[in-house]
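Take a look at the structure set out below.
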Amino acid sequence: MAEFTYKEITKQGTVVEGKQEAATKDEVIAAIRSRGSSPIQVNAIEEGSKNINISFGQGKPKSKVLSIFSKQLYVLLNAGMPLLNSIEALEKQTENKMLKDALADINVQLQKGAIFSAALDKHPNVFPQLFRSMVKSGEMSGNIDGVLDNLSTHYQKDAALSSQIKGAMMYPIVISIFAIGVVVLLVVKLIPMFKSLFEGKELPAITQFMLDLSNLLITKWWLIILVVIGIGVAFSAYKASPQGRLSLDKLKINMPGLGKYIKIIITSRFASTLAVLISSGIPILQAIGSAAAVTNNKVVELKMQDAVENIKKGIPMSTEFEKLNVFPPMMISMIKVGEESGAIDSMLLKTSEFYEEELEAAVKKMTSLMEPVMIIFFGVVVAVVLLSIYLPMFEMSTSGVG
């Protein structure tokens, strides 16, 4: 993706300037024309002319940042402060570089007469589709401050969910890195000390393997690093490709054991997002598409596209969701109750709250089970390394006694 600056003339004859990320210049021009404006000038920003600002936590705004921003904007608007003044105040105090730059541009657009949702649409890399759709709905219903309050709650829950998942993954990652480090140290430093002792002798297969591994790590360490980097680059390229992402996302939800927890995460995120969208006045078919995108799973997104088409034909939402084989039976039952009572949004909200609690319990259980498993695994690996050293020594002492 490249970054472009542009000038356009709106239907009202106003000249508007801005920035947009796009794959090509034609994509920017098409976006301008789709708004009913006429492009005057579109230029790519050279890499060298961009301000380079590399600092921790200054990338794309995370859910926590969006939650704080939404809550602060809600408080200011609810207190009677005009939108323009509120945006200007938040621009000055925000620390996230991308959000600050976006708010500065939004401030300019608002001064020129643009509506808030249109100004947000120019910054899709800062404000997700969900955020922009809900703000647009809030403008149409005249309840933008209420929508912002809902967005704050939604992103706060999403941030908490992400934190839980990261916390659960951190322990095995740290233990694995530590275990690999210890094993490499033993193989590179300890095993070579016994090499001369074992020379010319017939060795057990495990000892010979460890000696060969030690020699490889000492003499070809650079090749191993290159192979690891190559595998990482190849995996990243595969993951970024449409087919690769689809295959990996399919593997996630069908993986024995772990797939169950992935489905709980998807269910919680989908139900929470869909409830917020519907309660904010977003049409249900549009809401389903936006909620599917939040799951970050391509398999679910594609299945939802088919479900939406069938729902358009009059098939109940619960029936279509049941066919997906992703959501638990309880969620399907709750949606059926919501369809019958006309309170789908409240049923979905209760469903998301239930699975948030389920996920929290599952994470705690998984972490408690993982701790002894990782300790046993680490112990076995170290034992194998030590066994490869002591086994030939034991055989030599036995043959010497004999």
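The values are calculated or read from the model by the stated rules, or taken from the named source; none is laboratory data. All values derive from a computational prediction rather than experimental measurement. For neighbour counting, all protein chains shown are included, and Cβ atoms are generated from backbone atoms with ideal geometry for every residue, glycine included.
Side notes on the structure shown:
- Note on the stretch 90-112: residues that are part of a loop (DSSP other than H, G, I, E, B) and either surrounded by 21 or more Cβ atoms within 10 Å (Cβ to Cβ) or under 29 Å from the mean Cα position of the chain (by Cα) (or both) amount to 3.
- Any pair with Cβ under 6 angstrom, 6 or more apart, that starts in the stretch 82-106 at a residue that is under 18 Å from D145 (Cβ atoms) and ends at one that is among the small types (G, A, S): I106/A119
- Helices (runs of 4 or more DSSP H) contained entirely in the stretch 194-306, each with at least 2 residues that are over 30 Å from T351 (Cα atoms): 195-198, 205-219, 221-240, 242-254
- Selection count, the stretch 88-112, where residues are more than 20 Å from Q129 (Cβ to Cβ) and among the hydrophobic types (A, V, I, L, M, F, W, C): 5
- Criterion violated by V233 - all others in (1) surrounded by fewer than 21 Cβ atoms within 10 Å (Cβ to Cβ); (2) touching a helix residue (DSSP H, G or I) at 6+ places or on another chain (Cβ under 9 Å); (3) farther than 23 Å from A160 by Cβ satisfied: (2)
- Checking V147, V187, V182, V174 one by one, the residue that is farther than 20 Å from E357 by Cβ and without any contact (Cβ under 8 Å) to a residue 40 or more places away in the chain is V174 and no other.
- One residue alone among I32, I40 is surrounded by 10 or more Cβ atoms within 10 Å (Cβ to Cβ) and modelled with pLDDT under 75, and that residue is I40.
- Selection status of E357, exposed (fewer than 12 other Cβ atoms within 10 Å of the Cβ) and within 26 Å of the chain's Cα centre (by Cα): yes
Residues checked against (1) of a type in the set (K, R); (2) touching a Lys or Arg at 6+ places or on another chain (Cβ under 9 Å):
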| residue | (1), (2) |
| --- | --- |
| N296 | no, yes |
| K303 | yes, yes |
| D306 | no, yes |
| S318 | no, yes |
| K350 | yes, no |
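- Residue in the stretch 161-181 that is surrounded by fewer than 16 Cβ atoms within 10 Å (Cβ to Cβ) and farther than 30 Å from K62 by Cα present: yes
- Filtered residues of the stretch 296-311 (kept if under 18 Å from I335 (Cα atoms) and either in contact with an Asp or Glu (Cβ under 7 Å, 6 or more places away or on another chain) or in contact (Cβ under 8 Å) with a residue 24 or more places away in the chain (or both)): V300, A307, N310, I311
- Candidates I206, I229, I225, filtered to the one that is at pLDDT 90 or above and closer than 26 Å to L386 by Cα: I225
- Which listed residue, of I115, I87, is more than 28 Å from the chain's Cα centre (by Cα) and at pLDDT 90 or above: I115
- Of all residues in the stretch 133-160, those that are surrounded by fewer than 19 Cβ atoms within 10 Å (Cβ to Cβ) and under 15 Å from K60 (Cβ atoms) total 1.
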